[in-house]
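Everything below concerns the one structure shown next.
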Amino acid sequence: PRVELAWAMKAHQHAQVYFNLISSVEPKFLRLTQLDDGIYEEFRRSFPELRVDVLDPEELKSEPAK
């Protein structure tokens, strides 16, 4: 139990650091990996009309969205 607790505490500390880092950068300038641009381009090829600023779960579940 002590090892698990120590691991969980360390994981929480790392999560806080990363959250603070990604929260301090404007999203349009944030790059997490070298593949980010390629991932986004492929996403836009697959979903050119999808608005990602506001996602409506009901819209995503609709027949046309499927």
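The values are calculated or read from the model by the stated rules, or taken from the named source; none is laboratory data. Keep in mind that what you see is a predicted model, and the values were worked out from it rather than measured. With ideal geometry, Cβ positions are generated from the backbone for all residues, glycine too; neighbour counts draw on all protein chains shown. For the accessible areas, the whole protein counts, side chains as well, though only heavy atoms, and no ligand, DNA or RNA atoms are used. Shrake-Rupley method; radii C 1.70, N 1.55, O 1.52, S 1.80 Å.
Here Val52 meets the list (1) of a type in the set (Val, Ile, Thr); (2) more than 30 Å from Pro64 (Cα to Cα); (3) part of a loop (DSSP other than H, G, I, E, B) almost entirely, failing just condition (2). Inside segment 1-31, residues that are in a loop (DSSP other than H, G, I, E, B) and aliphatic (A, V, I, L, M) make up a count of 2. Within segment 14-66, the set of residues being open to solvent by 90 Å² or more (accessible area, probe 1.4 Å), at pLDDT below 90 and either in contact with a helix residue (DSSP H, G or I) (Cβ under 7 Å, 6 or more places away or on another chain) or among the acidic types (Asp, Glu) (or both) comprises Glu26, Glu49, Asp53, Glu58, Glu59, Glu63. I'd like the full set of residues that are hydrophobic (A, V, I, L, M, F, W, C) and assigned to a helix (DSSP H, G or I), limited to segment 32-42. Within segment 32-42, just Ile39 meets the criteria. A Cβ distance below 8 Å, combined with a sequence gap of six or more or placement on separate chains, defines the contacts here; from segment 47-66, residues that are under 26 Å from Lys28 (Cβ atoms) reach no residue that is at pLDDT 85 or above and surrounded by 10 or more Cβ atoms within 10 Å (Cβ to Cβ).
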